[in-house]
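Visitor: Have a look at the structure that comes next, please.
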Amino acid sequence: MAPAREILIVDDEVGIRELLSEILQDEGYRVALAENAGAARAYRLRQQPALVLLDIWMPDTDGVTLLREWGASGLVTMPVIMMSGHGTIETAVEATKIGAFDFLEKPIGLSKLLATIARAFKSAAAKEPRRVSLAALGAGAAVRETERALEELAGTRKAILIVGEPGTGHDIAARSLMTADAPFVALANGVRFLTNPLSLIEEAREGLLYCAEIGQYAKAEQKGLAFLLTKLEKHNVTLVATSAEPLGNLAAEGKFDAALLAQLSAGAVMLPPLRARRDDIPPLIERYWRESKAGERATPLLASLHPAALTTLTNAHWPGNLDHLANVVENLLVVRGEITPEHVKRLLGEAAAPNRAVAPEITARFFELPLREAREAFERIYFEQLLGREQSNMSKVAEKAGLERTHLYRKLKQLNIRFSRRGEDPAV
């Protein structure tokens, strides 16, 4: 749970200080008290409260003068709400000009007090620079640059288009833009654009609307998405769309609206493929190992890898990117003892002889398992090798496996093998 935000109450009347303190503490805030401008000045030099309730008329220094002092010293880094029992419009206007968020007239109603504080915190949060973390994708320079690009776009409230090869982390990147206490509406497809797209914008008001894999949208769904782009600013909604397919190619083929692509391209961010950031691969391997069933084993995966095997993994092409890497690491579970480059190459589908048998260490492991688990282990390795050999081209994998495409998808999901449904040509 996040720590309670602290509000500084500055008022020379002890009754006002105690009443406001009791109300705000009941609402879950921490409270600091200052009986005059001098005490408030000393407190602000020591620390920064989340918000200040500042009385205008005080015996030593009036609140407007104190606010002006803080402004000149660069200390108005939090919302300041002025209070007065006999203030004037001129005083309120002057206070807001020099940095006050709002002005409350005493006696202050409870609902108005809490509503003004809530608006002040919301306004302050909107002005803060957004922080985006893509640690789940890696920690190298390419990932950090992608974080910075997303942070810049997040502050503009423009539509954001996240593109890149299959398996590069589209969903992770989109969800990294979520903010606490703001609506998040995720669409797995474009069906809702066919019925009432305005209901979507209302649902996501003041928050984020996430449209996954828009390259798969039908023409009518694309039209609904284009319509919604014109409503984002009015409803203060950030739209995030993703695509693992080359939308430019789809537009050239007449399958994707070129005008819609032009609009979205202004906020496009490209996710780097795994082969473009090979320094991230060893730590990702270790993390996937820990997150798998192997996390129960004491030995870290990197300690079990022959150095040449780690080099093979690091230098692989990885057409399926993060999903491909995670699946290969999962399949290394069946290897007993040291993992060699040959083990890795077989799992990557890179063995020199295409019909070469699976390593004896792996087949021996099958006989230690119940039939059902052995069959599943074999099928996982079989399909991983096939995916690697065919570079995740699902049409070719289905043909080689002798399965219908729909049956292949069901089988891969059943085996918990990650794949990208539309990643037919990952090199494009």
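Visitor: Given a 1.4 Å probe, how much area per residue of segment 1-137 is accessible, in Å²?
Guide: Values: 7230 Å² over 137 residues.
Accessible area per residue, segment 1-137: 53 Å².
Visitor: Using 0.36 nm per residue, how much length does the chain from R336 to E253 gain when fully extended, once their Cα-Cα distance is taken away? Could the numbers behind the result be given before it?
Guide: Values: separation 83, 0.36 × 83 = 29.88 nm, distance 4.94 nm.
So the extension gain works out to 24.9 nm.
Visitor: Probe of 1.4 angstrom, ligands and nucleic acids ignored: what's the accessible area per residue over segment 174-274, in square angstrom? List each step's numbers first, then the result.
Guide: Working: 4610 Å² over 101 residues.
On a per-residue basis, 46 Å².
Visitor: Normalised by the number of residues in the chain, what is the relative contact order in percent for Cα pairs under 8 Å and 6+ residues apart? List each step's numbers first, then the result.
Guide: Details: 632 pairs, mean separation 46.2, N = 428.
Once divided by the residue count of the chain, the mean separation gives 11 percent.
Visitor: How far apart, in nm, are the 7 Å Cα→Cβ label points at S265 and R410?
Guide: 4.1 nm
Visitor: Highest GNM mean-square fluctuation, the chain, Cα pairs closer than 10 Å: which of L305, L187, L33?
Guide: Result for the chain, Cα springs under 10 Å: L33 fluctuates most.
Visitor: Step through the table entries K112/K234; K97/K234; K122/K234; K345/K413; K122/K219; K231/K255, compare each Cα-Cα distance with 28 Å, and write down the pairs that go over it. Let's see the in-between values first.
Guide: Values: K112/K234 25 Å; K97/K234 26 Å; K122/K234 17 Å; K345/K413 24 Å; K122/K219 38 Å; K231/K255 24 Å.
From K112/K234; K97/K234; K122/K234; K345/K413; K122/K219; K231/K255, over 28 Å: K122/K219.
Visitor: Cα gyration tensor of segment 190-347, axes a ≥ b ≥ c as square roots of the eigenvalues: rounded (a/c below 1.5), prolate (a/b > b/c) or oblate? Before the final figure, lay out each step's value.
Guide: On the way: a/c = 3.30, a/b = 2.40, b/c = 1.37.
Prolate is the answer for segment 190-347, as a/c is 1.5 or above and a/b outweighs b/c.
Visitor: With each label point set 7 Å from Cα along the Cα-Cβ vector, what nm distance links K234 and E206?
Guide: So the label points at K234 and E206 sit 1.9 nm apart.
Visitor: Right, next: What is segment 88-215's relative contact order, in percent, from Cα pairs under 8 angstrom and six or more apart in sequence?
Guide: Details: 87 pairs, mean separation 21.5, N = 128.
This gives 17 percent for segment 88-215.
Visitor: Starting from the 7 Å offset along Cα-to-Cβ, what nm value, one decimal, do you get for the label separation of L45 and E18?
Guide: 3.0 nm
Visitor: Here's a follow-up. First compute the accessible area of the chain with a 1.4 Å probe, then give the percent of it belonging to carbon and sulfur atoms.
Guide: Numbers: 11300 of 21360 Å².
About 53 percent, which is the carbon plus sulfur part of the accessible surface.
Visitor: Once you order the gyration tensor axes a ≥ b ≥ c over the Cα atoms, which shape class does segment 1-116 get: rounded for a/c under 1.5, otherwise prolate or oblate by comparing a/b with b/c? List each step's numbers first, then the result.
Guide: Working: a/c = 1.42, a/b = 1.15, b/c = 1.23.
In terms of gyration-tensor shape, rounded.
The values are calculated or read from the model by the stated rules, or taken from the named source; none is laboratory data. Quick caveat, the model's predicted, so the values are computed rather than measured. Heads up, the Cβs are rebuilt from the backbone with ideal geometry, glycines too, and the neighbour counts pull from every protein chain shown. Each accessible area value is taken on the protein alone, full model and side chains, heavy atoms only, with ligands, DNA and RNA left out. Shrake-Rupley method; radii C 1.70, N 1.55, O 1.52, S 1.80 Å.
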